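The values are calculated or read from the model by the stated rules, or taken from the named source; none is laboratory data. Please read all numbers here as calculations on a predicted model, not as lab measurements. Neighbour counts run over all protein chains shown; Cβ positions are idealised from the backbone, glycine included. For the accessible areas, the whole protein counts, side chains as well, though only heavy atoms, and no ligand, DNA or RNA atoms are used. Shrake-Rupley method; radii C 1.70, N 1.55, O 1.52, S 1.80 Å.
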Amino acid sequence: MLQEGVLSHQRGSSRGGMIEHSLSLCYHNKLILAPMVRVGTLPMRLLALDYGADIVYCEELIDLKMLQCKRVVNEVLSTVDFVAPDDRVVFRTCKREQSRVVFQMGTSDAERALAVARLVENDVAGIDVNMGCPKEYSTKGGMGAALLSDPDKIEKILSTLVKGTRRPVTCKIRILPSLEDTLSLVKRIERTGIAAVAVHGRKREERPQHPVSCEAIRAIAETLSIPVIANGGSHDHIQEYLDIEDFRQATAASSVMVARAAMWNPSIFLKEGLRPLEEVMQKYIRYAVQYENHYTNTKYCLCQMLREQLESPQGRLLHAAQSSQEICEAFGLGAFYEEMTQELNARRAEFLARTPEQRGEPAEDTSGIIKMAVKFDRRAYSPQITPKMCLLEWCRREKLAQPVYDTVQRPLDRLFCSVVTVAEQKYQSTLWDKSKKLAEQAAAIVCLRSRGLPEGRLGEESPSLHKRKREAPDQDPGGPRAQESAVPGKLCKKPFVALGSGEESPLEGW
Ligand SMILES: Cc1cc2nc3c(=O)[nH]c(=O)nc-3n(C[C@H](O)[C@H](O)[C@H](O)COP(=O)(O)O)c2cc1C
């Protein structure tokens, strides 16, 4: 059933007046990993490819969420990450799957759909729209199966995508209550110019335990000229590799898309037959560690594979695991975890040691930010005084607005960098820190040093500050001495101001 290679040269879409010729995914005669929320993340997709899947769909990702994401090349993992403002990786992909991964989105709006397609099109092989999800979170927003009752919107979304993206466009639908309506809908869908249609042979309100309608899929396949991808066969029809071809023949479809049977054991795609689950789970875990998959997602997928063995000793260990390391230990992969973590840390260190130019960052700093390579080492400072306190105190004396800290975390290594703004000038350390607090202290040091102000270091020429701090802990921050103007560099000769208890503290979090 399988055909060598998945790419064929096809005439691409017309964009900006230019006809582009692009490599296009072929949907004939293919074994496909279905889109599955939480299950279809990178480790599962790579594993399915290893076992023989030709095309792998990612989990459905919502357009609005994707549009908040930034594309980041992750040099440590050799991946491309789409990262949300809260630094969560929403979609991670890599070279290995680039020519075979289909990006499935949840959308109810043509313009948003196109914006998402443009965001990801250089990193994926195809774009799919989910029109089959019956869950309320999807249908409530007019997405998923809700689209099936709005053919005008379907047409708008698909034709906008076909015209606007360089990648082949597909959609995944469920069947309608009547065959007649289903056929008229798919004909309309075909006319938008999409490359293929995946049909889950159940109606919107039917659950997985209802029988899948091979007849409806067959009728669609016989009606359309584009490839039809049959879906819905897990459990009743597909339990092993050879069943996939039987399901294809029963539905007269071009290709077959498998969800649950692959979630239970992704080696369903292997011609030679299913591999033992223990071996499959170990391979899955290796990918999960290699690509820093979040342990909660790894755990979820492993639980789907273990199914009725969740009460086994291994199932209990998995259930108790609270980190990737503990998952690895539950599966006898503790040494692998150590090795892989060391390797990733070494790659990270090597990457960070490169100059900004070597890292592909602009060499010349045109940001106007004053930068220094400094770190805050707590041991070098008096226990009660920090650079942030010194800076705040100085600003008060100078009657300047309070310093404003803007801190970001880098997804690559989860380190923090803070920029502090004082009197409309920004200051930043070029060294990234393990915590937000440390990064803020480092930014404060840059500001203080560049202005020649004391920063509270032990042995600094400012003994009176430390002494006064201990002598007058209850001093009123708004008291007269706090209003005295400071001479730069002489701050620590002035009395130190400590906050009274119960007051909303600008020093909070120090
Ligand atoms: C855990 C899980 C998550 C799913 N998530 C999606 C999804 O994100 N997008 C989608 O179109 N269908 C989703 N589905 C539906 C499947 O893609 C598929 O249509 C359905 O399970 C029937 O195929 P099967 O019989 O091979 O399981 C999901 C199914 C499961 C079991």
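Tabulated data for the structure shown
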| quantity | calculated |
| --- | --- |
| Enumeration of residues in the stretch 87-113 that are of a type outside the set (G, A, S), open to solvent by 20 Å² or more (accessible area, probe 1.4 Å) and outside any strand (DSSP E or B) | D87, R88, K95, R96, Q98, R100, D109, E111, R112 |
| Candidates V73, V80, filtered to the one that is part of a strand (DSSP E or B), within 30 Å of R347 (Cα to Cα) and at pLDDT below 95 | V73 |
| Complete set of residues in the stretch 255-292 that are of a type in the set (S, T, N, Q) and within 16 Å of the ligand (Cβ to nearest atom) | S255, N265, S267 |
| When residues of the stretch 42-71 are limited to those that are open to solvent by less than 40 Å² (accessible area, probe 1.4 Å) and over 25 Å from D243 (Cα atoms), the one nearest to the ligand (Cβ to nearest atom) | E60 |
| Per-region count, the stretch 119-136, residues farther than 27 Å from R166 by Cα and more than 11 Å from the ligand (Cβ to nearest atom) | 1 |
| Enumeration of residues in the stretch 225-265 that are closer than 22 Å to V280 by Cβ, open to solvent by 20 Å² or more (accessible area, probe 1.4 Å) and outside any loop (DSSP other than H, G, I, E, B) | Y241, L242, D243, E245, R260, M263, W264 |
| Complete set of residues in the stretch 28-41 that are within 15 Å of the chain's Cα centre (by Cα), more than 6 Å from the ligand (Cβ to nearest atom) and surrounded by fewer than 24 Cβ atoms within 10 Å (Cβ to Cβ) | R38 |
| Selection within the stretch 37-56 - of a type outside the set (V, I, T), in contact with a Lys or Arg (Cβ under 8 Å, 6 or more places away or on another chain) and over 18 Å from L277 (Cα atoms) | L42, D54 |
| Subset of the stretch 399-422 (residues that are without any contact (Cβ under 8 Å) to a residue 24 or more places away in the chain and more than 25 Å from the chain's Cα centre (by Cα)) | L400, A401, V404, T421 |
| Looking only at the stretch 147-178, and only at residues there that are aliphatic (A, V, I, L, M) and away from the ligand (no atom under 13 Å from the Cβ), the one that is farthest from the chain's Cα centre (by Cα) | L176 |
| Pick from the stretch 234-244, criterion of a type in the set (A, V, I, L, M, F, W, C) and within 34 Å of the chain's Cα centre (by Cα), ranking: farthest from the ligand (Cβ to nearest atom) | I244 |
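Yes/no matrix, rows are residues, columns are (1) of a type in the set (A, V, I, L, M); (2) within 15 Å of the ligand (Cβ to nearest atom):
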position: V186; (1), (2): yes, no
position: E190; (1), (2): no, no
position: R202; (1), (2): no, yes
position: E205; (1), (2): no, yes
position: H210; (1), (2): no, yes
position: L224; (1), (2): yes, no
position: D246; (1), (2): no, yes
